[in-house]
Every structure is written in C-alpha cells, then in structure tokens.
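*Asks:* Encoded as structure tokens, here's the structure I'll be asking about.
The values are calculated or read from the model by the stated rules, or taken from the named source; none is laboratory data. Note that this is a predicted model, so its numbers are computed, not measured. No Cβ is skipped: glycine too gets one built from the backbone with ideal geometry, and neighbour counts run over all protein chains shown.
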Amino acid sequence: MVMRLQYSFIAACCLTVAAAAAASGQRPQQRPRDPVETVKRYVALRFRGAPWADFAPLITWEDEPGWDTYWLVNRYAVATLENKGNTVMVPVTYHRLGLYSNDFIFKPADQDVTLRYEVVQTRTGWVIKAPELDYPDLSVDFEIAALRSAAASQYETPERRKQSEAMAQRLSQLTRAKN
C-alpha cells in the first residue's frame with residue numbers, strides 16, 4: 001500500500017512537471033546521449049544568447065557570473081571527440097572578431113581559438129564538466145540585433161539609444177568586411 005502511494009505520488013509529480021512545461025510552451029529537454037551533441041547544443045545556445053535555464057541541463061556547474069563582456073564570434077566549428085583516458089574532450093574552434101563590453105567598448109581581435117570542453121557521462125546523459133575560464137562566445141549577429149533593439153527602445157535614454165545604434169553600425173561594418 002505504501003509502495004503504491006509512493007508510485008502514485010511520483011507519477012503525479014511527473015505529470016505536474018510535464019503539464020507545467022506544456023503550459024509554458026516548453027518541453028522538458030532530455031540530455032543528449034552523445035558527448036559531441038551535448039557540446040553542439042550548449043555552444044549553439046550560448047552563441048545565440050540563450051538564457052541560463054536553456055543550457056543549465058547541459059552543464060555541471062551551478063552558477064556563473066552575470067557577464068557584461070563577451071567574445072563576439074561570427075562562426076564556430078565543433079570537431080570530433082578526443083578520448084584522453086577516462087575523459088572525453090570535444091574541441092570547438094571559434095572565429096573571434098573581438099572582445100565587446102556592454103559599455104560600448106569593442107577591442108578587435110581577429111583570431112581563431114580552440115576550446116576543449118570536458119564532457120562526462122551521468123546516468124541521465126552527457127554533461128559538460130567545467131566552465132570555460134574565459135568570457136562567453138556570443139554571435140556578433142545576436143549582439144547587433146540586441147543593440148538595434150536597444151536603439152529603438154523607448155525605455156533607453158537618448159544617449160544610450162545613440163550609442164547602441166553607433167555600435168550596431170560599427171559591428172555590422174566589421175561583419176560585412178569579413179564576408
């Protein structure tokens with residue numbers, strides 16, 4: 001009887017979580033069953049500026065700083081995994097255009113950088129073990145769109161709107177020169 005109640009409670013909890021996710025328009029995401037797919041999903045989410053909740057299931061660390069500086073990237077490539085003993089490493093090469101701060105400072109740095117993500121298997125799937133020791137890599141196109149949105153916002157001061165549009169134009173010119 002007690003066991004049946006426990007199973008009923010667990011089933012009710014699962015249904016509640018699924019119903020809440022469905023009501024919010026989201027599906028509970030399963031972890032990828034492959035280390036390369038885990039890194040691909042994580043990098044794609046970070047690249048497009050996804051919120052923490054979207055990529056948190058793919059990582060082991062509990063929190064990270066609120067970033068106000070990013071590497072602006074126009075492309076990346078995920079390579080095949082590297083086995084190093086019991087560790088699986090997945091290299092990702094980013095083409096970085098420069099370092100951008102939310103106070104409208106951009107330091108050009110046209111370079112390819114390869115980061116190796118350590119991925120471990122848990123009973124629920126693969127997760128990235130350790131955070132990067134660097135600023136996040138963010139799509140330059142995402143940042144341009146965010147700046148243009150700020151430039152059009154009635155909630156920003158006229159000075160910030162002007163700075164946002166000027167930086168969006170500067171970054172747009174940079175990306176056109178690279179293509």
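*Asks:* Can you pull out the residues in segment 125-140 that are farther than 15 Å from residue 72 by Cβ and either assigned to a strand (DSSP E or B) or at pLDDT 85 or above (or both)?
*Replies:* Within segment 125-140, 125, 126, 127, 128, 129 meet the criteria.
*Asks:* With respect to the numbered conditions (1) modelled with pLDDT of 75 or more; (2) over 19 Å from residue 122 (Cβ atoms), which one is the sole condition not fulfilled by residue 66?
*Replies:* Of everything listed in (1) modelled with pLDDT of 75 or more; (2) over 19 Å from residue 122 (Cβ atoms), residue 66 misses just condition (1).
*Asks:* Can I ask one more? From 90, 78, 73, 43, grab the single residue that is in contact with a Ser or Thr (Cβ under 7 Å, 6 or more places away or on another chain) and at pLDDT 90 or above.
*Replies:* Result: 73 is the single residue among 90, 78, 73, 43 that is in contact with a Ser or Thr (Cβ under 7 Å, 6 or more places away or on another chain) and at pLDDT 90 or above.
*Asks:* On to the next question. Out of 107, 129, 84, report the one residue that is under 26 Å from residue 42 (Cβ atoms) and touching a residue at least 60 places away in the same chain (Cβ under 8 Å).
*Replies:* 129
*Asks:* May I pose another question? Among the acidic types (Asp, Glu) and in contact with a Lys or Arg (Cβ under 6 Å, 6 or more places away or on another chain): is that true of residue 118 in this structure?
*Replies:* In short, yes.
*Asks:* If you don't mind, another one. Hey, could you check segment 141-178 for residues that are modelled with pLDDT under 90 and surrounded by 14 or more Cβ atoms within 10 Å (Cβ to Cβ) and say which is nearest to residue 48 (Cα to Cα)?
*Replies:* 175
Conditions (1) part of a helix (DSSP H, G or I); (2) among the acidic types (Asp, Glu); (3) within 21 Å of residue 129 (Cβ to Cβ), marked per residue:
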| position | (1), (2), (3) |
| --- | --- |
| 43 | yes, no, yes |
| 54 | yes, yes, yes |
| 57 | yes, no, yes |
| 64 | no, yes, yes |
| 92 | no, no, yes |
| 95 | no, no, no |
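*Asks:* Restricting segment 129-140 to residues that are of a type in the set (A, V, I, L, M, F, W, C) and buried (at least 18 other Cβ atoms within 10 Å of the Cβ), which is farthest from residue 97 (Cα to Cα)?
*Replies:* Only one residue tops the list, namely 138.
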